[in-house]
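Colleague: Attaching a single structure in structure tokens format; questions to follow.
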Amino acid sequence: MAERPSDTPLEHLLRELTPQVLGAVVRRFRDFAAAEDAVQEALLAAATQWPDEGLPDNPRAWLTQVAFRRMTDQIRSESARRRREGEIALEASRAPETTTTIDAAAEEDDTLVLLFMCCHPALTLSSAIALTLRAVGGLTTAEIAKAFLVPESTMAQRISRAKQSVKDSGIPFELPTTEERAQRLRAVLHVLYLIFNEGYTSSAGPQLQRVELSREAIRLTRSVRNLLSNDAEIAGLLALMLLTDARRVARTNSEGELIPLMHQDRALWDRAQIAEGVALISAALPKGSVGPYQLQAAIAAVHDEAGRAEDTDWPQILALYDLLKRMSDNPIVVLNHAIAVAMVHGPTKGLALVDALKADARVANHHRLDAVRAHLLEMAGDRDGAVKHYRAAAGKTGSLPERNYLLMQAARLSTELRLVDEQE
Amino acid sequence: MKYILMMNATKAEFDVYAKWSKEDLQRNVGFMRAFSKELKDSGVFVATEGLGWPNEARIVRAGKDGEPITDGVFAESKEFLAGYWVIDVEGPEQAYKIAARASAAPGPGGTPARMPIEVRQVLSGFADLGL
């Protein structure tokens, strides 16, 4: 694994402390946007002072105090301005003291409240992702911008608009009500899942220098799980991330070409991560509240536990997809289910299911429909058809390595076709 | 998802543009400046560039010795890239909406020029093929 320059213990500590400090400041001052700015300033001060002066005895209290002071200064100058403008206001005298009394019980809740706030359904997904990485993940705007390959000013603007949306929508700084809780938690898990996916699907080959979003997503999901250890879907999501990320190194060759699961060198898979993921999902499933993340993790676990591709327990994967299909209305799940059907009952059965998806407008023009059809046609021995659909998929995908992979599958098959013609 | 919005025009169209009135040009340039700011303020901006005019364009091919062979006389119907924006948005629909805003840039007399804007996805890294 390439070493990240941003992986220093100090930065790690600051990231861990960010949501705790921010939570304390928002709780005290009730102004999320201003608190967020104040905490960023405190983090910057720490990053420049601590390496020279050494760690303070209580880093969290230090950060909180600096952020409190920034907030107080801001309120004072704001009320001074208003007094100058003739408004009689005494806010400054009401500004809170800068002493830090942090309610220990509220601390853990604060991180959760922040997370629910940043992943609020009122925000667009890209805003929620950026805000979560900064306010809960403790990443700098520059790091987030780099991870998403956009200019820093664009990411800064996105974050400031997201904060404005939080303000405008009047989202209170408190945990969601019991009625809302399940839905709000789903939104949180979705954002964490998207952060993981963004990292997993784009950090390879020449992009290794990017902040590793998938590792960040795993870290965040781990901390959410520590706060809500009874929720089986959080455990499922964490397991899914670990079991998927375990294959990262095997997923590409030295040229950066994509290697599908069935051809990966399984010796390269991260055994420790697989063991952790398997343990998590094995403990979560018997709890009885089975959800989509747990099922996807269970499927990933079946793949990861097969010593060779041909040892894969496809009947079990099919059973899991049957359950998943009943639970979600996602056409991509139907597509994956069709692959499992093909592996258990033969390609013709799988192809029939893929054909049925053509009527679904959400995937009718999706490259994966063509890619899966090509794969199943190849299994069925229809090389001409497979070549045609590999090429069609290549024309639709949004990923360059994937397009290369699909074109090479088509090229491989047409070479085989020519050889067959020459032999006949 | 990233998209590139490309403004293409024929040589003849560039020549017509060169003859716009001062007022029309100012209005158009002002719009373009405001449009880029709008993209930046809304947090979708990635990059933008305007390109030199087609009369300076050259097509280069490698000769047998690897030296450049340049070609500069183009058919009137050929389209040239005039400029582009790269944006990072939630999906194609948002990209189309932004492209339509660019297309509505004011032409002569201030009426929308309705220039065609070509929208293409910028390819990303790995997507999960699920195979």
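Quick note: the coordinates plus some simple rules give every number you see, no bench work behind them. Predicted model only: the values in this text are computed from it and were never measured. As a convention, Cβ positions derive from the backbone with ideal geometry for all residues, glycine included, and neighbour counts pool all protein chains shown.
Colleague: Could you line up A:258, A:419 from fewest to most neighbouring Cβ atoms inside 10 Å?
Modeller: A:419, A:258
Colleague: For chain A, what does -39500 (n - 2.57) per DSSP helix run (n ≥ 4), summed and divided by total residues, give at 222 nm, in deg cm²/dmol to the nearest 500?
Modeller: -22500 deg cm²/dmol
Colleague: I would also like to ask the following. In a GNM of chain A with a 10 Å cut-off on Cα contacts, which of A:277, A:23, A:256 has the highest mean-square fluctuation?
Modeller: A:256
Colleague: Would you mind classifying the stretch B:2-121 by shape? Square roots of the alpha carbon gyration tensor eigenvalues, ordered a ≥ b ≥ c; an a/c under 1.5 is rounded, otherwise it is prolate if a/b is larger than b/c and oblate if not. Present the calculation step by step, with values, prior to reporting the outcome.
Modeller: Details: a/c = 2.40, a/b = 1.35, b/c = 1.77.
Oblate, since a/c reaches 1.5 and b/c is not below a/b.
Colleague: Determine, from the Cβ-Cβ distance of residue B:55 and residue A:48 and an R0 of 60 Å, the FRET efficiency 1/(1 + (r/R0)^6), rounded to the nearest 0.05.
Modeller: In this case the efficiency is close to 0.70.
Colleague: What's the local net charge at residue A:122, with K and R +1, D and E -1, over the other residues with C-beta under 12 Å away? Provide the component values of the computation, followed by the final result.
Modeller: Values: positive: A:167, A:184; negative: A:168.
Neighbourhood net charge equals +1.
Colleague: Give the residues of the stretch A:20-44 whose amide nitrogen is closer than 14 Å to a point set 7 Å from the Cα of residue A:81 in the direction of its Cβ.
Modeller: Zone members listed by number: A:34.
Colleague: Using a/c under 1.5 as the rounded threshold, could you call the stretch A:341-424 rounded, prolate or oblate? The axes a ≥ b ≥ c are square roots of the C-alpha gyration tensor eigenvalues, and prolate needs a/b larger than b/c, oblate otherwise.
Modeller: oblate
Colleague: Helix-derived [θ] at 222 nm for chain B: sum -39500 (n - 2.57) over DSSP H runs of at least 4, divide by residue count, nearest 500?
Modeller: -9500 deg cm²/dmol
Colleague: Which of the listed residues, A:12, A:390, A:239, is farthest toward the dipole's positive end in chain A, when Lys, Arg count +1 and Asp, Glu count -1 at the beta-carbon?
Modeller: The residue sitting most towards the positive pole is A:390.
Colleague: Lysine pairs in chain B 8 or more apart or on different chains: how many have alpha carbons under 29 angstrom apart?
Modeller: Summing the qualifying lysine pairs gives 20.
Colleague: Could you point to the residue in A:348, B:104, A:214 farthest towards the positive end of the protein assembly as shown's charge dipole, with +1 and -1 charges on the Cβ of Lys/Arg and Asp/Glu respectively?
Modeller: Of the candidates, B:104 comes out farthest on the positive side.
Colleague: Report the label-to-label distance for residue A:33 and residue B:47 in nanometres (one decimal), using points 7 Å from each Cα along the Cα→Cβ vector.
Modeller: Taking the simple label geometry, residue A:33 and residue B:47 are separated by 3.2 nm.
Colleague: So what are the ³J(HN,Hα) numbers for the stretch A:277-282, from phi and the Karplus equation (6.51, -1.76, 1.60; θ = phi - 60°), rounded to whole Hz, Gly and Pro as x?
Modeller: In residue order, the calculated couplings are x, 5, 4, 4, 6, 5 Hz.
Colleague: At q = 0.11, 0.12 Å⁻¹, what log₁₀ I(q)/I(0) does a Debye calculation on the Cα points of chain A give, no solvent, two decimals?
Modeller: -0.92, -1.06
Colleague: What residues qualify as long-range amide H neighbours of residue A:252, i.e. H under 5 Å apart, gap of 5 or more or another chain, H built at 1.01 Å from N?
Modeller: A:259
Colleague: Taking amide H positions as placed 1.01 Å from N in the peptide plane, with prolines and chain starts having none, which residues 5 or more places from residue B:83, or on another chain, fall under 5 Å of its amide H?
Modeller: Under 5 Å from the amide H of residue B:83: B:7, B:51.
Colleague: A further question on this structure: How large is the charge dipole for the stretch B:2-121, taken about the Cα centre, if only the Cβ atoms of Lys, Arg (+1) and Asp, Glu (-1) carry charge, to the nearest 20 debye?
Modeller: In total the dipole reaches around 200 debye.
Colleague: A further question on this structure: Rounded to the nearest 20 debye, what is the charge dipole size of the stretch A:341-424 about its Cα centre when +1 sits on each Lys and Arg Cβ and -1 on each Asp and Glu Cβ?
Modeller: 420 debye
Colleague: Sticking with this structure for a sec: For the stretch A:117-185, count the residues as N, evaluate 2.2 N^0.38 Å, and divide the Cα radius of gyration by that value, please.
Modeller: That works out to 1.15 for the stretch A:117-185.
Colleague: For the residues A:144, B:69, what sequence is obtained by ranking on other C-beta atoms within 10 Å, fewest first?
Modeller: Ascending number of Cβ neighbours within 10 Å: B:69, A:144.
Colleague: Determine the sum of side-chain charges near residue A:26: Lys and Arg each +1, Asp and Glu each -1, restricted to other residues whose C-beta is under 9 angstrom from that of residue A:26.
Modeller: Details: positive: A:27, A:28, A:30; negative: A:31, A:36, A:110.
Result for the neighbourhood of residue A:26: 0.
Colleague: Contact order normalised by length for chain A, with contacts defined as Cα pairs under 8 Å and 6 or more residues apart; what percent is it?
Modeller: 9 percent
Colleague: If we count other beta carbons within 10 Å of each Cβ, what is the order of B:14, A:32, A:173, fewest first?
Modeller: Values: B:14 14, A:32 21, A:173 18.
So the residues, fewest neighbours to most, are B:14, A:173, A:32.
Colleague: Let me ask something additional. Starting from the Cα of residue A:349, draw a straight line to each of the lysines and keep only those under 28 Å, dropping any in the same chain fewer than 8 residues away.
Modeller: Qualifying lysines at Cα under 28 Å: A:325, A:358, A:388, A:396.
Colleague: Follow-up. Answer with one residue from A:297, B:21, A:406: the one whose Cα lies farthest towards the positive end of the charge dipole of the protein assembly as shown, charges on Cβ with Lys, Arg +1 and Asp, Glu -1.
Modeller: In the protein assembly as shown, that residue is B:21.
Colleague: Could I ask something else about it? Taking θ as phi - 60°, what are the ³J(HN,Hα) couplings along the stretch A:35-49 by the Karplus curve (6.51, -1.76, 1.60), each to the nearest whole Hz, with x for Gly and Pro?
Modeller: 4, 4, 4, 4, 5, 4, 5, 5, 5, 5, 4, 5, 5, 8, 8
Colleague: Now for a different question. Evaluate the charge dipole of the protein assembly as shown about its Cα centre and quote only its size in Debye, nearest 20, assuming +1 on the Cβ of each Lys and Arg and -1 on the Cβ of each Asp and Glu.
Modeller: It comes to approximately 1180 debye.
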